[in-house]
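Each remark here refers to the structure printed beneath this line.
The values are calculated or read from the model by the stated rules, or taken from the named source; none is laboratory data. The structure displayed is predicted, hence computed values, not measured ones. In this analysis, Cβ positions are derived from the backbone assuming ideal geometry, glycine residues included, and neighbour counts consider all displayed protein chains.
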C-alpha cells in the first residue's frame with residue numbers, strides 16, 4: 001500500500017484514489033518520515049476504505065497518531081455530505097466523547113513535590129478508577145436522563161464546579177439535540193452507577209508541570225505563564241453508557257446498510273444514510289452519550305479541586321484552579337466548511353482526533369476567540385503532553401481537526417508480552433514520577449514504549465500548520481484505572 005502513496009511535503013502524504021479501486025475521494029496522511037515509515041498498512045487500508053463510502057467529502061484525513069482501530073483507524077477524520085452521505089457509528093468509535101479536561105493552577109512544581117505522594121493518594125481515593133468501578137453518586141432514572149440532555153450543565157447545577165467552567169468546554173459541555181429516548185435501557189443501566197469515574201485502559205488523571213512555553217502571549221490567554229507551573233489533565237469518556245450505545249447501533253446500522261443497499265468495503269464500517277431514521281436516531285443517542293462524558297469529566301474536575309484543597313489546606317480558587325478547556329476525541333458533528341468555494345454543512349466524524357478551530361471562529365469561546373481554540377494533546381504516562389492552538393490551515397485542509405495524542409505503536413496484547421508493570425513503575429518512579437494504578441497489568445499495557453513518540457507526533461501537526469505548539473508539560477504524578 002505504501003508504494004502508492006505520494007509525498008507532498010516533509011509532513012504531508014497523498015493516498016491517491018487508485019490505492020483502492022473503489023475509493024471515491026483521495027486521502028491525506030500527516031506525519032514526518034519516521035512516523036510514516038512505521039505506520040501500519042492496515043491503518044492505511046482502513047483510511048482508504050472510508051474513502052469508499054457514499055457521500056464522503058474529499059479528503060479523508062489520517063493524523064500522525066493514526067493506528068489500526070475499529071472501522072475507521074484511530075487518529076482519523078471523515079466528513080460526509082449532509083444529504084447524500086452517511087452517519088457511521090463505526091467511524092465515531094466505542095468510547096463516545098472520550099476526551100480531555102484540563103485545569104491549570106498557580107502552584108509550582110517545587111511547591112507540590114514534598115506533598116506529591118499525599119496528593120496522588122488523595123486523588124486516587126477521591127476519583128473512582130478501574131474497570132466497572134462504581135461512582136459515589138446515586139442517580140435516579142430521571143436524573144440520568146437530565147445528564148444526557150444537559151451534560152456538564154447538570155454537574156454545575158448540582159454544585160460540581162462553577163458556571164464559568166462551562167465557557168471553557170467544547171460545546172459549553174452540552175451538545176444540543178440529545179434524546180435519551182434513543183438510548184437503550186441496557187446503556188442507561190450501565191451508565192447510572194458510573195458517572196464521576198475514570199475507567200481504565202488509556203484513561204488517566206495526571207498532575208503535570210510546564211516544561212516549555214512556545215507562544216507566551218497565547219499561553220498567557222490559556223492561563224499558562226511560567227515554567228514549572230502545575231496543570232492537571234483528565235482523560236476519560238462516556239464509560240459503559242457510551243460503549244453500549246455504540247454496540248447497540250452497530251447492530252442497527254448493520255441492518256440499515258443492508259436495507260438501503262450500501263456497499264461496505266469493511267463490515268466494521270456499518271452506517272446509515274444521514275437523512276434516515278437509523279442515522280438520526282444514532283446521532284441523537286451519540287449526543288446523549290457525549291453529554292454524559294462532558295458531565296463525567298466536570299464532576300472529576302470538581303473532585304480534583306477538592307483534593308488539592310484538602311492536601312494544600314487552601315481554597316481551590318486561591319490556587320487559581322481554572323479550567324483551560326475540555327475537548328472531544330470520538331465524536332460526530334454537523335459542521336460548516338467551505339467546500340469547492342461554497343459553504344456546506346457536513347457530518348464530520350473525528351475518531352481519535354481533536355477539533356482545532358482558528359482565531360475568530362464563532363465556536364471558539366469568547367475568552368479565546370482572538371487566539372484560537374486550545375488543542376489538548378496527551379502523551380503516555382512517561383512522556384510529555386501538549387497544549388496547541390487551532391489554525392486557519394486546519395479549517396481549509398482537515399475539517400478543523402488535529403491529532404489527539406501519541407497514538408499506540410503496539411497493541412495492548414503485544415505490550416503485555418513486552419513489558420512488566422512492576423518494572424515500568426520502578427523505572428518511572430526512579431525518574432521522579434509518582435504512579436498509582438488499580439493493577440500493574442494496566443501499567444504494562446500503557447507503557448510509554450507502547451506509544452509513538454509524542455514529540456514527533458506534535459511536531460508533525462505543528463510543521464504541517466494544522467495546529468501550533470503553545471506549551472509542553474511533563475508528568476509528575478499519574479493515576480490510572
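Within segment 86-102, being in contact with a strand residue (DSSP E or B) (Cβ under 8 Å, 6 or more places away or on another chain) and within 17 Å of residue 266 (Cα to Cα) holds for 86, 87, 88, 91, 92, 93.
Looking at segment 123-207, the helices (runs of 4 or more DSSP H) lying wholly inside it that each contain 2 or more residues that are under 27 Å from residue 321 (Cα atoms), modelled with pLDDT of 95 or more and out of contact with any strand residue (DSSP E or B) (no Cβ under 7 Å at 6 or more places or on another chain) sit at 141-150, 152-157, 163-166. Scoring residue 23 on the criteria (1) out of contact with any helix residue (DSSP H, G or I) (no Cβ under 6 Å at 6 or more places or on another chain); (2) surrounded by 17 or more Cβ atoms within 10 Å (Cβ to Cβ); (3) not in a helix (DSSP H, G or I) leaves a single failure, condition (1).
Here's the yes/no breakdown for (1) over 23 Å from residue 105 (Cα atoms); (2) at pLDDT 95 or above; (3) in contact with a strand residue (DSSP E or B) (Cβ under 8 Å, 6 or more places away or on another chain); (4) surrounded by fewer than 24 Cβ atoms within 10 Å (Cβ to Cβ):
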position	(1), (2), (3), (4)
322	no, yes, yes, yes
335	yes, yes, yes, yes
341	yes, no, no, yes
346	yes, yes, yes, yes
360	yes, yes, no, yes
368	no, yes, yes, yes
377	no, yes, yes, no
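Residue check: residue 250 meets all listed conditions (1) more than 19 Å from residue 352 (Cα to Cα); (2) surrounded by fewer than 22 Cβ atoms within 10 Å (Cβ to Cβ) but one, namely (1). When each of 420, 431 is tested for being surrounded by fewer than 24 Cβ atoms within 10 Å (Cβ to Cβ), out of contact with any strand residue (DSSP E or B) (no Cβ under 9 Å at 6 or more places or on another chain) and more than 22 Å from residue 377 (Cβ to Cβ), the lone residue that passes is 420. Residue 218 fulfils the conditions (1) part of a strand (DSSP E or B); (2) crowded, with 19+ Cβ neighbours inside 10 Å except for a single criterion, (1).
Just checking: which of the strands (runs of 3 or more DSSP E) contained wholly in segment 313-415 hold 2 or more residues that are touching a residue at least 12 places away in the same chain (Cβ under 8 Å) and in contact with a helix residue (DSSP H, G or I) (Cβ under 7 Å, 6 or more places away or on another chain)? If you could, list the steps in order and put the result at the bottom.
Numbers: elements: 322-328, 331-339, 342-351, 374-377, 385-390.
In segment 313-415, 322-328, 331-339, 374-377, 385-390 are the strands (runs of 3 or more DSSP E) which contain 2 or more residues that are touching a residue at least 12 places away in the same chain (Cβ under 8 Å) and in contact with a helix residue (DSSP H, G or I) (Cβ under 7 Å, 6 or more places away or on another chain).
Within this structure, residue 315 fails the test of being more than 19 Å from the chain's Cα centre (by Cα), within 28 Å of residue 274 (Cα to Cα), surrounded by fewer than 17 Cβ atoms within 10 Å (Cβ to Cβ) and modelled with pLDDT of 95 or more.
Do you know which residues across segment 49-74 are farther than 22 Å from residue 406 by Cα and either in a loop (DSSP other than H, G, I, E, B) or in contact (Cβ under 8 Å) with a residue 60 or more places away in the chain (or both)?
Of the residues in segment 49-74, the ones farther than 22 Å from residue 406 by Cα are 49-59.
The answer is 49, 50, 51, 52, 53, 54, 55, 57.
Name the single residue, out of those in segment 139-153 being under 23 Å from the mean Cα position of the chain (by Cα) and more than 14 Å from residue 241 (Cβ to Cβ), that is surrounded by the most Cβ atoms within 10 Å (Cβ to Cβ). Within segment 139-153, the match that is surrounded by the most Cβ atoms within 10 Å (Cβ to Cβ) is 152.
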